1. Mind checking whether some residue in region 90-100 is surrounded by fewer than 13 Cβ atoms within 10 Å (Cβ to Cβ) and modelled with pLDDT under 90?
2. Determine if region 131-141 includes at least one residue that is closer than 27 Å to Ser92 by Cβ and modelled with pLDDT under 90.
3. Being touching a residue at least 24 places away in the same chain (Cβ under 8 Å) and in a loop (DSSP other than H, G, I, E, B) is the filter here; which residues of region 40-53 pass it?
4. Mind telling me which of the residues Asp121, Asp141, Asp115, Asp133 ends up being more than 19 Å from Leu84 (Cα to Cα) and within 14 Å of the chain's Cα centre (by Cα)?
5. Select, from Thr76, Thr147, the only residue that is closer than 19 Å to Ser36 by Cβ and among the β-branched types (Val, Ile, Thr).
6. Identify all residues within region 80-105 that are assigned to a helix (DSSP H, G or I) and of a type in the set (A, V, I, L, M); write none if there are none.
7. Here is a list: Leu126, Leu70, Leu81. Which entry is closer than 26 Å to Asp24 by Cβ, more than 13 Å from the chain's Cα centre (by Cα) and of a type outside the set (Asp, Glu)?
8. Of the residues Asp157, Asp108, which single one is without any contact (Cβ under 8 Å) to a residue 24 or more places away in the chain, outside any helix (DSSP H, G or I), of a type in the set (Asp, Glu) and within 16 Å of Phe26 (Cβ to Cβ)?
Amino acid sequence: MLRFLIAASAIVTLAAAAQAVADDRFPPISSEVVRSECGDCHIAYQPQMLPQRSWRKLMDALPKHFDEELSFDEETKQHLLRYLLDNAADKSEVDAARKFLRELSSGDTPIRITDTPRWKDKHHELPKSVWSDPRVANKGDCAVCHTQAVRGLYDDDDGLRVPGPNESWRRWEDD
C-alpha cells in the first residue's frame with residue numbers, strides 16, 4: 001500500500017511542481033505519508049522552505065522533535081526523509097524556494113522555518129498582537145493567516161487573513 005501511495009504521489013508531484021515553477025508558488029505536499037504524519041500535529045510544511053541540511057538535521061534529531069517525542073517505523077522515517085530531501089529548497093526549481101534559499105547563508109542550518117531570513121523579512125512588520133491572538137498557536141501556525149497554505153499559496157493575494165483586534169480578521173498589505 002505504501003508503494004502505491006508513493007507512486008501516486010510522484011505523479012501528483014510532477015504536475016504540481018510544473019504549475020508551481022510557472023507562477024511562484026510552492027507545490028502542495030504530494031505525499032499522503034508526509035501529509036498524514038507531519039500534518040497530524042501541525043501544517044505539513046512545504047520542504048522547499050528549508051535546504052536539505054536543515055531537513056537532515058531535523059530528521060537526525062528524531063525521536064526528539066522540538067518539545068515532542070515522535071516515533072516512526074524505519075520505512076516511514078526513510079520515506080519522510082527522502083521526500084523532504086528530494087524537495088528541499090536547494091533541490092527545487094520553484095521560484096519561491098529559491099527566494100528562501102537566496103536569503104540563507106551557506107553555513108546556516110535552521111530547523112524552524114520561522115528562523116529563516118525570508119520568513120523574518122515577510123513577517124517583521126506584523127504587530128505583536130498577532131502572535132498573542134488566541135487563534136495563533138505559534139509563529140509556525142501558517143494556516144491561521146495563510147488560508148491556502150496547504151495548497152502552497154502564501155502570497156498576499158492568496159487568501160491572507162491576519163487576526164486583528166476584537167476577534168476580527170483583516171487583510172495585510174505587504175509593500
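1. no
2. No: zero hits.
3. Cys41, His42, Ile43, Ala44, Tyr45, Gln46, Leu50, Pro51, listed by residue number.
4. The match here is Asp141.
5. Exactly one of Thr76, Thr147 is closer than 19 Å to Ser36 by Cβ and among the β-branched types (Val, Ile, Thr), namely Thr76.
6. Leu80, Leu81, Leu84, Leu85, Ala89, Ala96, Ala97, Leu101
7. Leu126
8. Selected residue: Asp157, the only one of Asp157, Asp108 that is without any contact (Cβ under 8 Å) to a residue 24 or more places away in the chain, outside any helix (DSSP H, G or I), of a type in the set (Asp, Glu) and within 16 Å of Phe26 (Cβ to Cβ).
The values are calculated or read from the model by the stated rules, or taken from the named source; none is laboratory data. Nothing here was measured: the structure is a model prediction, and the numbers come from that model. Positions of Cβ are generated from backbone atoms using ideal geometry, with glycine treated the same way; all protein chains shown enter the neighbour counts.
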